[in-house]
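Structure record follows, encoded as structure tokens.
Here, each number is a calculation from the coordinates, and none is a lab measurement. This one's a predicted model, so the numbers in the text were calculated from it and none came from an experiment. Heads up, the Cβs are rebuilt from the backbone with ideal geometry, glycines too, and the neighbour counts pull from every protein chain shown.
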């Protein structure tokens, strides 16, 4: 199982509804990608103050690497990914990716 974690530093001017629309788009891919088992998305709720400005994000649980690879190559995800990068403070530097093979 792969846990695909994406942390996002959205632009300060981004409306909550626009963030939610991006999360909904990622979640909607579950219907099209076999092995994309679950998605969690939303703001960071940690009180530790160690987010480094990455105050939003999502985690996708994939059955295996093949499912993750299908997700990363899916044409709809490529569009969503571009939209996420465009909405960040700093382009690609506004996105942090971390994966675990569990």
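Couple of notes before you dig in:
- The chain: equivalent-ellipsoid semi-axes (sqrt of 5 x gyration tensor eigenvalues, Cα, Å): 22, 16, 12
- Listed residues 84, 45, 33, most fluctuating in the chain (Gaussian network, C-alpha, under 10 Å): 45
- From least to most packed, judged by other beta carbons within 10 angstrom and beginning with the fewest, 74, 4 follow the order 74, 4.
- Gyration tensor (alpha-carbon) shape descriptor, segment 57-102, a/c threshold 1.5: oblate
- Mean residue ellipticity (222 nm) of the chain, computed from DSSP H runs ≥ 4 via -39,500 (n - 2.57), nearest 500: -10000 deg cm²/dmol
- Label zone at residue 101, where the point sits 7 Å out along the Cα-to-Cβ direction: segment 1-38 residues whose backbone N lies under 12 Å: 1-3
- Between 0 and 90 degrees, the angle of helix 16-28 with respect to the longest Cα principal axis of the chain falls at about 10 degrees.
- Relative contact order computed over the chain (Cα-Cα under 8 Å; 6+ residues apart), in percent: 48 percent
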